[in-house]
Amino acid sequence: VKAGIGYVVPHMGGHGLEEVFEAVQGPGDLKPDSLWYQIYNIGARKVAEPAVERAWKAGYRVLVVTIENPATFHERVIRGGMRALTSGTTLSTLPHLPQMIARPGWSARYLLAGWRHSYSNTVLDGRILNARDLQATPSPTFSWDDLEWLRKAWAGKIVLKGILREEDARRAVDFGADAIIVSNHGGRTLDASATTLAVLPGIVKTVNGNAEIILDSGIRRGRDVMAALCMGARAVLWGRPSLSALSFGETGVSHALAMLRGELQRNMAALGCPSTADLNGSFLLSEK
Ligand SMILES: Cc1cc2nc3c(=O)[nH]c(=O)nc-3n(C[C@H](O)[C@H](O)[C@H](O)COP(=O)(O)O)c2cc1C
């Protein structure tokens, strides 16, 4: 919000959704538009419904419903130790001890941050769930039927994240989604899924202005932002670069954002287009 961009607070984050909302500095009246809350169907309705209520109470007004990730942990993530480190037991971290010793800085920060073993926003009957509990969740994604009760439970805007097929884009519009996010979860769920830019034109045609279209997965340079906007996306999300930059703290993220902005401005100037609002298909060779 301080940088003038939005942020999506994840359901499976290590910090409570209220804590994040309160901690974010920036114009208060911009917060509900700029800070969105994201939800999985972890633990089904009895976990998702109170989480949604909590988010509304905290001040969130835009709900991102992630539908592209039907498995909580993927092989690469398990190998990296994420499940072990968040499984709720100190014992389960033991196999990763050599990795932790090899990275003392990371380990110190992990310990100082409270040795977080659980996801503060996934609560069942008053108990915060951890990775072991989440493994018991058959599928953390939503079906179209689930979306119907979610629509009733949430009075704000709904953004469906993870649309890759025109058929699903059509259903999202019929469902009344305010926006869709064309996303393949960065190829982290199915590493052979379609690239988002490749499917964007068909989805733009299908949606036909009936919902906002946002795109993620692979936005790395200012040029990527321009390509997505030229092809009909209204905005992009930026995931892993910001996470990598975060290893240098807020300074790292600010620096990475400044680089992205700088690239975008230089490329826009080179294109001879003064405003991102003016980007359209006429700037693309393939659309001529
Ligand atoms: C470590 C990590 C955690 C993620 N957690 C979530 C999440 O909790 N909810 C969600 O909707 N997407 C999550 N994603 C997916 C991102 O939102 C995004 O779709 C993906 O990273 C693709 O964008 P990128 O190529 O810019 O990283 C996560 C991605 C990474 C790398």
> Limited to segment 143-167, what total is found for residues that are basic (K, R) and assigned to a helix (DSSP H, G or I)?
Replying inline: 2
> So, of the residues in segment 1-18 that are under 15 Å from I128 (Cα atoms) and not in a loop (DSSP other than H, G, I, E, B), which turns out to be nearest to the ligand (Cβ to nearest atom)?
Replying inline: L17
>> For segment 230-263, which positions are more than 13 Å from the ligand (Cβ to nearest atom) and either in contact with a Phe, Trp or Tyr (Cβ under 6 Å, 6 or more places away or on another chain) or open to solvent by 70 Å² or more (accessible area, probe 1.4 Å) (or both)?
In response: C230, R234, F248, E250, T251, H255, M259, R261
>> Quick check on this structure: which one of R83, R76 is surrounded by fewer than 14 Cβ atoms within 10 Å (Cβ to Cβ), within 16 Å of the ligand (Cβ to nearest atom), in contact (Cβ under 8 Å) with a residue 40 or more places away in the chain and under 27 Å from S193 (Cβ atoms)?
In response: R76
> Quick check: is even one residue across segment 264-275 within 16 Å of the ligand (Cβ to nearest atom) and either within 20 Å of G4 (Cβ to Cβ) or not in a loop (DSSP other than H, G, I, E, B) (or both)?
Replying inline: yes
> Just wondering, is there one or more residues in segment 206-228 that are in contact with a helix residue (DSSP H, G or I) (Cβ under 7 Å, 6 or more places away or on another chain), outside any loop (DSSP other than H, G, I, E, B) and of a type in the set (S, T, N, Q)?
Replying inline: yes
> Across segment 1-43, what is the number of residues that are touching a Leu at 6+ places or on another chain (Cβ under 7 Å) and either open to solvent by 70 Å² or more (accessible area, probe 1.4 Å) or among the charged types (D, E, K, R) (or both)?
Replying inline: 1
>> Six or more apart or on different chains, Cβ atoms under 6 Å: show the pairs whose first residue is in segment 88-109 and touching a residue at least 12 places away in the same chain (Cβ under 8 Å) and whose second is open to solvent by 80 Å² or more (accessible area, probe 1.4 Å).
In response: G88/R132
> Out of all the residues in segment 173-189, which are more than 16 Å from the ligand (Cβ to nearest atom), part of a helix (DSSP H, G or I) and not charged (D, E, K, R)?
Replying inline: V173, F175
> How about segment 26-51: which of its residues are touching a strand residue (DSSP E or B) at 6+ places or on another chain (Cβ under 8 Å) and more than 15 Å from the ligand (Cβ to nearest atom)?
Replying inline: P32, D33, S34, K46, P50
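The values are calculated or read from the model by the stated rules, or taken from the named source; none is laboratory data. In this text the structure is predicted, and so the values were computed from the model without any measurement. Cβ coordinates were reconstructed from backbone atoms using ideal geometry, including for glycine residues, and neighbour counts include every protein chain displayed. We work out accessible area using only protein heavy atoms, side chains counted, and drop any ligands, DNA or RNA first. Shrake-Rupley method; radii C 1.70, N 1.55, O 1.52, S 1.80 Å.
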